[in-house]
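See below for the structure under consideration.
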Amino acid sequence: MTTISAPTCSALSALDEPLPGTAATAPGYVCLEVPTGWGRDVLDGTALGAELSDELSARAKAADVRILFIRRPGRDVVRETRTVLLARTEPENTWCERLEITEPAELLDIVPRVVAGPAPGFGTAVQDPIALVCAHGKRDRCCAVLGRPIAAALTAEFGQDVWECSHTGGHRFAPSMIMLPTGYTYGRLDEDDSLAAVRDAGKGKVHAAGLRGRSTWGAAGQAAEIAVREAIDEFAIDAVTVEDGDEPIVRHRDGRAWQVGVETSELPARPASCGAAAKPARHVVATTITPL
């Protein structure tokens with residue numbers, strides 16, 4: 001087995017690792033403002049205590065949602081209330097709400113209701129896209145070093161719709177960004193492309209550069225969607241849906257459909273994060289697109 005060395009996990013990944021199919025699968029998100037005190041994992045007990053963290057973890061797993069910490073780019077600001085963002089990513093059921101809470105324990109009642117279906121009406125409906133940029137330095141230095149400048153640049157244009165966030169999955173693709181409510185996830189974007197991605201989201205479009213996938217789907221579905229979008233040059237957000245599986249089916253809103261063959265390939269070993277032991281990297285590749 002061949003092993004490649006590089007100074008950082010993101011530099012090594014950028015040599016040969018494809019982005020499509022690498023977004024974390026998360027049909028729903030619950031994002032809690034925690035301005036300081038993040039641990040390596042958001043629910044490891046460092047910020048919220050062991051008991052609350054364990055219960056939130058169990059409820060998030062049951063509801064099939066992902067919990068992220070968020071904070072404003074720049075200096076840590078502690079307020080009397082905390083912003084919470086709730087989102088569902090499925091096509092035709094995509095929504096985001098913003099609310100304020102006083103205690104993190106309030107999430108115990110909120111998390112189980114962030115499920116498929118209409119927005120629960122806990123807070124105010126969010127109309128513009130929200131950009132979450134990973135800056136979780138305690139998880140991996142690439143996220144902090146590469147993510148924070150991107151978050152700052154986005155904030156200069158989009159203001160309150162930009163947050164630094166905790167680990168999004170895949171530090172080696174830093175800088176990494178998730179767009180809410182769609183769940184489209186990006187990696188390796190420079191400042192210009194990051195700005196373009198948020199602008200496109202505001203126009204109802206998926207930005208092609210740096211696209212890792214929509215977190216609604218698993219790896220195969222993400223890779224299949226991107227392959228079809230590129231093949232037919234279609235980047236309207238609501239244009240396609242995916243029937244996930246071993247050979248995903250991508251359906252266009254105009255009635256066309258394609259079955260996508262996918263394969264899992266293995267790349268030379270490399271660390272998944274800085275300082276970790278080198279392991280083979282496996283990625284999903286779309287190999288065939290067959291009209292139905």
Report task. For residues that are among the β-branched types (Val, Ile, Thr), surrounded by 21 or more Cβ atoms within 10 Å (Cβ to Cβ) and modelled with pLDDT under 95, tally how many sit in region 119-149. Result -> 0
Query raised in the report: Quick one: what pairs do we get from region 121-146, first residue among the polar types (S, T, N, Q), second open to solvent by less than 30 Å² (accessible area, probe 1.4 Å) and part of a strand (DSSP E or B), C-beta under 6 Å, 6+ apart or different chains?
Result: none
Query - Residue count for region 63-110, restricted to those that are within 14 Å of residue 27 (Cβ to Cβ), small (Gly, Ala, Ser) and open to solvent by 10 Å² or more (accessible area, probe 1.4 Å) - result: 1
Query raised in the report: Would you call residue 12 buried (at least 17 other Cβ atoms within 10 Å of the Cβ) and closer than 30 Å to residue 117 by Cα?
Result: no
**Report entry** Complete set of residues in region 150-190 that are out of contact with any helix residue (DSSP H, G or I) (no Cβ under 7 Å at 6 or more places or on another chain), farther than 15 Å from residue 66 by Cα and either open to solvent by 10 Å² or more (accessible area, probe 1.4 Å) or aliphatic (A, V, I, L, M) (or both)
**Finding:** 151, 152, 155, 156, 159, 160, 161, 190
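Residues checked against (1) in contact with a His (Cβ under 8 Å, 6 or more places away or on another chain); (2) part of a helix (DSSP H, G or I); (3) touching a residue at least 60 places away in the same chain (Cβ under 8 Å); (4) of a type in the set (S, T, N, Q):
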residue: 167; (1), (2), (3), (4): yes, no, yes, no
residue: 177; (1), (2), (3), (4): no, no, no, no
residue: 193; (1), (2), (3), (4): yes, yes, no, no
residue: 207; (1), (2), (3), (4): no, no, no, no
residue: 223; (1), (2), (3), (4): no, yes, yes, no
residue: 231; (1), (2), (3), (4): no, yes, no, no
residue: 238; (1), (2), (3), (4): no, yes, yes, no
residue: 261; (1), (2), (3), (4): no, no, no, no
residue: 275; (1), (2), (3), (4): no, no, no, no
Query raised in the report: Got at least one residue in region 202-216 being crowded, with 16+ Cβ neighbours inside 10 Å, among the aliphatic types (A, V, I, L, M) and more than 30 Å from residue 155 (Cβ to Cβ)?
Result: no
Query raised in the report: Among the helices (runs of 4 or more DSSP H) confined wholly to region 1-118, which include 2 or more residues that are modelled with pLDDT of 95 or more?
Result: 50-63, 107-110
Query raised in the report: List, please: which pairs have Cβ atoms under 7 Å, are six or more places apart or on different chains, and start with a residue in region 75-98 that is at negative phi and end with one that is assigned to a strand (DSSP E or B) and of a type in the set (Lys, Arg)?
Result: 83/98; 85/98; 89/214; 94/88; 95/88
Query raised in the report: Before we move on, is residue 283 modelled with pLDDT under 95 and within 19 Å of residue 211 (Cβ to Cβ)?
Result: yes
Query - Residue selected from region 231-249 under the condition out of contact with any strand residue (DSSP E or B) (no Cβ under 9 Å at 6 or more places or on another chain) and closer than 23 Å to residue 282 by Cα, by the criterion modelled with the highest pLDDT - result: 244
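The values are calculated or read from the model by the stated rules, or taken from the named source; none is laboratory data. Just so it is clear, the structure is predicted and the values come from calculations on it, not from any experiment. Note that we place each Cβ from the backbone using ideal geometry, even for glycine, and neighbour counts take in every protein chain shown. Note: areas computed on protein heavy atoms with side chains; ligands, DNA, RNA excluded. Shrake-Rupley method; radii C 1.70, N 1.55, O 1.52, S 1.80 Å.
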